[in-house]
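Scroll down for the structure; my scribbles are underneath it.
The values are calculated or read from the model by the stated rules, or taken from the named source; none is laboratory data. Computed from a prediction, not measured in an experiment: that's the story for all the values here. Here the Cβ positions follow ideal geometry from the backbone for every residue, glycine too, while neighbour counts run over all protein chains shown.
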Amino acid sequence: MSAQERVFNETLLSVENISLSFGAVKAISDVSFDIKKGEIRAIIGPNGAGKTSMLNCINGFYHPQLGQMVYKGAVRKQMKPHETAANGVARTFQNVALFRGMTTLDNIMTGRNLKINKWKTWLLAAAIFVGPTRDEERVHRAFVEEIIKFLEIEAIRKTPVGRLPYGLQKRVELGRALAAEPELLLLDEPMAGMNLEEKQDMCRFILDVNDEFGTTIALIEHDMGVVMDISDRVVVLDHGSKIADGTPDEVKKNQDVIDAYLGVPH
Amino acid sequence: MVLFAPILDMVDSPEFFIEVIIGGLVAGVMYSLVALGFVLIFKASSVFNFSQGVLALFAALTLVGLMDGTVPILLIDSGFPLPAWAAIIVTGLVMVGLAFLIERIVLRPLVNQDPIILFMSTIGLAFVLEGFGDILWGSEVKALDVGIPTGNFLIGEIQLQVFDMWAAGIAAFMVLVLAVFFQKTRLGRALRAVADDHQAALSVGIPLRNIWIVVWAVAGFVALVAGIMWGSSSGVQFSLSLIALKALPVLILGGFTSVPGAIVGGLIIGVGEKVAEVYWGPMVNGAIENWFAYVLALVFLLFRPQGLFGDKIIERV
């Protein structure tokens, strides 16, 4: 039932022989895969397979001891998270990491941080909120309103996010990531803890983001139905190693994947 | 019964009562100015900055030194006194430079430490800055006059000080600016974001270090304003740094995380201690002003530890 295969040629990010360990614990060992520009790439695997560690490496929270990442055609030097953000990587978190004291609007505006002109909003100008600062704020506010409309969260614009139900929080977090107009969007379990209806909405948003803005998306998800439906290609990790990589149909038939999920004596 | 007699006095002579209240409000405004600096840093980094009072002292010392044209350390006259406006700008820049140094030397090596450790480091910072200020500008009491008008005028029967009105106006303006800054600007949002969630802040491209510099620079500006107001009214001297202690009860009243709280807390304490001093003071031979604020703070700690406007303290057991 999966849609007809889409073809992507240009590689956006290629992960090459990455290994990451914390002391004696190996979180990722020698994993390579690539993410093509414009595709939806899923990373799946049982608990503790190293999926989130992988996202953290891509986004700069972790620095793998071995291997390299080739991003937009060049080997990427070790980067801090705010540097990868400046290079077009945005993400959401497994346990919603919103700015809880702020409203939906302010959260998404904060996501716009890198796009707002620094010099028009530097400390003194901002302190007295003079003309250029205000104009700059207005321009970006307009963009944020577009996102709010897109995600259908107009009604909760001014609500502090701490008060929102979980499903909506996840949606606001997606909005914050989108505000940065990322080239590569990392979603860590965007549908965890959602009911069926919320999942369907989230699927629709992810597909629309990919479709309308051409954003490349890498996502981690446990709901296999969802993964097989929306992703173009799937990479499967188990115990920190890659065990399969391919289209949803290929992966589904892979004996290693079936074993990893159902469990066989190793 | 004798405890209630002063209330009759208040009703008997309302003009005098209003003057006392206004005197209290003005003193309160000054407390608020110092408390504001505390709130800013606490909001953005959950660090209680013990050195805020000394920052104000240091700013005032630098300002006076520049206006007198004193050569730092040598303490001789350079013959180049700066006009007030230029001295204020240069002092502002010095405070930004100081923020930069504090981040580099004190905060960065202590990143990810417990708040109590950072708190201790600000105590150390207070001592260092105090000594450094003495070395640079000398330790004698100096007069500060940046040209804030003085004198007094009458509204009806009530006598008002022009200087006090300026102090109140400046404080009100600062609060307004800070409120807009925090709510409506990129940097303000970034500050709140960092206070809420470090990881998420990093992931949207906010570098923590720059934010800390910004916070301390803003706290430095607030200290500068507080230093100017306190220095103009009571001279620039070491005791300036002790007003920081008066800011503590203000914070407990207002809540450590609330800008409006710092203002309201300051006003309540200012008015409370003046009224208590003037009307009830004679019964206990005075000096109520010295302890009133702390007793009030204790009462608040017992019944409303988050303060009037602070975020409710919820902890998982």
- Task: Can you tell me which residue within the range B:189-207, out of those that are touching a residue at least 24 places away in the same chain (Cβ under 8 Å) and more than 7 Å from chain A (Cβ to nearest Cβ), is surrounded by the fewest Cβ atoms within 10 Å (Cβ to Cβ)?
- Result: B:A195
- Query: Is there a residue in the range B:210-224 that is crowded, with 18+ Cβ neighbours inside 10 Å, assigned to a loop (DSSP other than H, G, I, E, B) and within 13 Å of chain A (Cβ to nearest Cβ)?
  - Reply: no
- Item | Output for the range A:74-86, where each listed residue is without any contact (Cβ under 8 Å) to a residue 24 or more places away in the chain and either within 14 Å of another protein chain (Cβ to nearest Cβ) or assigned to a loop (DSSP other than H, G, I, E, B) (or both) | A:R76, A:K77, A:Q78, A:M79, A:K80, A:P81, A:H82, A:E83
- Query: Just to be sure, is A:R204 part of a helix (DSSP H, G or I), of a type outside the set (D, E) and assigned by TED's automatic domain parsing to the domain that holds A:D106?
  - Reply: no
- Task: Report, by residue number, each residue of the range A:210-230 that is surrounded by 14 or more Cβ atoms within 10 Å (Cβ to Cβ) and either among the polar types (S, T, N, Q) or in a loop (DSSP other than H, G, I, E, B) (or both).
- Result: A:N210, A:T215, A:T216, A:E221, A:H222, A:D223
- Query: Which one is surrounded by the most Cβ atoms within 10 Å (Cβ to Cβ), of the residues in the range B:1-49 that are aromatic (F, W, Y) and over 26 Å from B:D197 (Cβ atoms)?
  - Reply: B:Y31
- Go through the range A:1-47 and count every residue that is without any contact (Cβ under 8 Å) to a residue 24 or more places away in the chain, among the aliphatic types (A, V, I, L, M) and not in a strand (DSSP E or B). 3
- Query: Given B:W230, B:W216, B:W212, B:W280, which one is among the aromatic types (F, W, Y) and within 30 Å of B:I7 (Cβ to Cβ)?
  - Reply: B:W280
- Query: Filtering the range B:5-27 down to residues that are within 15 Å of B:A167 (Cβ to Cβ) and touching a strand residue (DSSP E or B) at 6+ places or on another chain (Cβ under 8 Å), which residue is modelled with the highest pLDDT?
  - Reply: B:I22
- All but one of (1) farther than 16 Å from B:L129 by Cα; (2) among the hydroxyl-bearing types (S, T, Y); (3) under 17 Å from the mean Cα position of the chain (by Cα) hold for B:S51, so report the exception by its number. (1)
